Amino acid sequence: MHIPSKHVYEILVQKGVEYLFHANSVATASMFLKYRSLMSRGNTERNGLKQTPQTSDDVDKRYSVWYDIFLDAVDIHRRASKINAYGPVTFVIDVKILDRNNTGRIWVTKLNPTKWANKSEKHRWFQNKQDLEENFFVGRFDQMLVLRHCGGELPLKNYISKIIVDDPQIQDNTGVDFYSMAVGALKISMSESELKIPIERRICIPRCNCLNMYKLDINRTSLMFEPYL
Ligand SMILES: [Zn+2]
């Protein structure tokens, strides 16, 4: 069920949210920067652009969220002390983007679509402003903002405050480290689109498990850091 973006904005601000987050692979994030917009998986595919495959792609198509853009109200890597499944590049976006009518009406999930089997609409989506006021908890990963009324494209200019990039502390077989490669690719895309957004190396808390996870699944890590597809 869609909720006016103004209501979503007001409730998020009330609950202390200042920024929204969108995590993706290096290649997909670079493509977004080149086109100065976040794009839905479906739009990217329809426009003949390349994006890193995600394990959620089949579910997204099945539940008709393939043309939608997803935002989190929390930095999942920091909150969970582990890698974000969607990728090592995190866009940090000012929550005010919701207040300026850029987004159209907003849908908010109660459960991640990967858990939607046998669930009713009421259990999949927040139903209205009151439902959101009472039951939205900042930091609950299942609760995601879904933009379904912005044509699958969300211009970032003026609202993206920084980009956080994970440093897996791994080098490729030519000795170039993944972090530097990622930053290089993001900067090239920004220079093509004349964007100037600060890039920050992620600083993890000591018990963060991301380095172990990056080393354990090196194929996935390579895929997520691969700058060009
Ligand atoms: Zn970490």
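Of all residues being assigned to a loop (DSSP other than H, G, I, E, B) and either within 16 Å of the ligand (Cβ to nearest atom) or within 13 Å of the chain's Cα centre (by Cα) (or both) in segment 144-168, which is farthest from Y86 (Cα to Cα)? Just the residue, please.
Quick first cut of segment 144-168, residues assigned to a loop (DSSP other than H, G, I, E, B) only: 148-152, 156-159, 166-168.
Subsequent filtering for residues that are either within 16 Å of the ligand (Cβ to nearest atom) or within 13 Å of the chain's Cα centre (by Cα) (or both) retains 156, 166-168.
Numbers: L156: 19, D166: 12, D167: 15, P168: 15 Å.
Among those that are assigned to a loop (DSSP other than H, G, I, E, B) and either within 16 Å of the ligand (Cβ to nearest atom) or within 13 Å of the chain's Cα centre (by Cα) (or both), it is L156.
Residues in segment 102-115 that are in contact with a helix residue (DSSP H, G or I) (Cβ under 7 Å, 6 or more places away or on another chain) and farther than 30 Å from I218 by Cα: T103, G104, R105, I106, V108, T109, K110.
Here is a yes/no grid of residues against (1) over 19 Å from S25 (Cα atoms); (2) charged (D, E, K, R); (3) at pLDDT 95 or above; (4) touching a strand residue (DSSP E or B) at 6+ places or on another chain (Cβ under 7 Å):
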position: D72; (1), (2), (3), (4): no, yes, yes, yes
position: D99; (1), (2), (3), (4): yes, yes, no, no
position: R105; (1), (2), (3), (4): yes, yes, no, yes
position: A117; (1), (2), (3), (4): yes, no, no, no
position: F126; (1), (2), (3), (4): yes, no, yes, yes
position: G139; (1), (2), (3), (4): yes, no, no, no
position: D142; (1), (2), (3), (4): yes, yes, no, yes
position: L147; (1), (2), (3), (4): yes, no, no, yes
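Quick one: would you say G48 is more than 16 Å from the ligand (Cβ to nearest atom), more than 14 Å from T109 (Cβ to Cβ), modelled with pLDDT of 90 or more and in a loop (DSSP other than H, G, I, E, B)? Criteria met by G48. Among the numbered conditions (1) modelled with pLDDT of 95 or more; (2) under 14 Å from the mean Cα position of the chain (by Cα), the only one that E18 does not meet is (2). Can you name every residue in segment 77-124 that is of a type in the set (A, V, I, L, M), buried (at least 19 other Cβ atoms within 10 Å of the Cβ) and within 16 Å of the ligand (Cβ to nearest atom)? Selection gives I83, V89, V92.
The values are calculated or read from the model by the stated rules, or taken from the named source; none is laboratory data. The structure presented is a predicted model; accordingly, all values stated were derived computationally and were not measured. Virtual Cβ from ideal backbone geometry, glycine too; neighbours counted across all protein chains shown.
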